[in-house]
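Here's the structure, in structure tokens; my notes come after.
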């Protein structure tokens, strides 16, 4: 199957700083990428959908100014958590699809963010 | 997208078939059924998807009822490594492609 890679796998940052998470599709061009957040013992919650070269579409309740998403190329999307606070500590996961229509999404391995 | 209902947890003996049910009674004609699983602290892994015909791949089989209101994911010979949370998701695809995860079923495969 296709490979989606996230970097870093885990990060610890101080409260008030910003953290950038990268999501790359290694062997295919991703028309659409998705960002999820998962708190302990909960399911994945979709944060936003991004298409290459256009602005991300955020889900209701997700602050677009706090969670900056850039999808500059067909193989790279980034999520920047700005002015992070302890409540932003979570497992962030990206996924990517190869095309339109009904196709499977491939997920990254996730990034564990801890804000201290 | 239609809502899905799955049991919270299930147990299965190693080597036996694991049958995971999913109800999606409000599914519409253009919505597919997807199955993913998530092993602890990892990203979800795609398993299989289908529209109305039964599907089989190297990982599993997907049985969809004729009225499409429910489906069953079958792992034919469960191993300990199949212990994970299994998610059944209904998605209409196209420009509205968006996978919304419910709570899923925690499958525990016992030795």
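Below, the figures for the structure above:
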| read-out | value |
| --- | --- |
| Span per principal axis, largest first, for the Cα atoms of the protein assembly as shown (Å) | 50, 39, 32 |
| Cα convex hull of segment A:38-85 - mean projected area over all directions, nm² | 4.0 |
| Between segment A:18-66 and segment B:1-73, the Cα center-to-center distance that results, in Å | 24 |
| Quarter of the Cα convex hull surface for chain A, i.e. its orientation-mean projected area (nm²) | 6.9 |
| Protection-proxy order for peptides B:55-66, A:17-28, each taking the mean of Cβ atoms within 10 Å per residue, highest first | A:17-28, B:55-66 |
| Hull-based mean projected area of chain B, where the convex hull spans the alpha carbons, in square nanometres | 6.5 |
| Point-to-point label distance, residue A:51-residue B:41, nm (Cα→Cβ direction, 7 Å offset) | 3.8 |
| Per-residue average of Cβ from other chains inside 10 Å of B:80-86 | 0 |
| Share of alpha-carbon pairs per 10 Å distance bin for segment B:28-70, given as whole % | 27, 47, 22, 4 |
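A short reminder: the numbers here are calculations on the coordinates, not readings from a lab. The shown structure was predicted, so the numbers you read here are calculated from the model rather than taken from an experiment. Cβ: placed from backbone, ideal geometry, glycine included. Neighbour counts: every protein chain shown.
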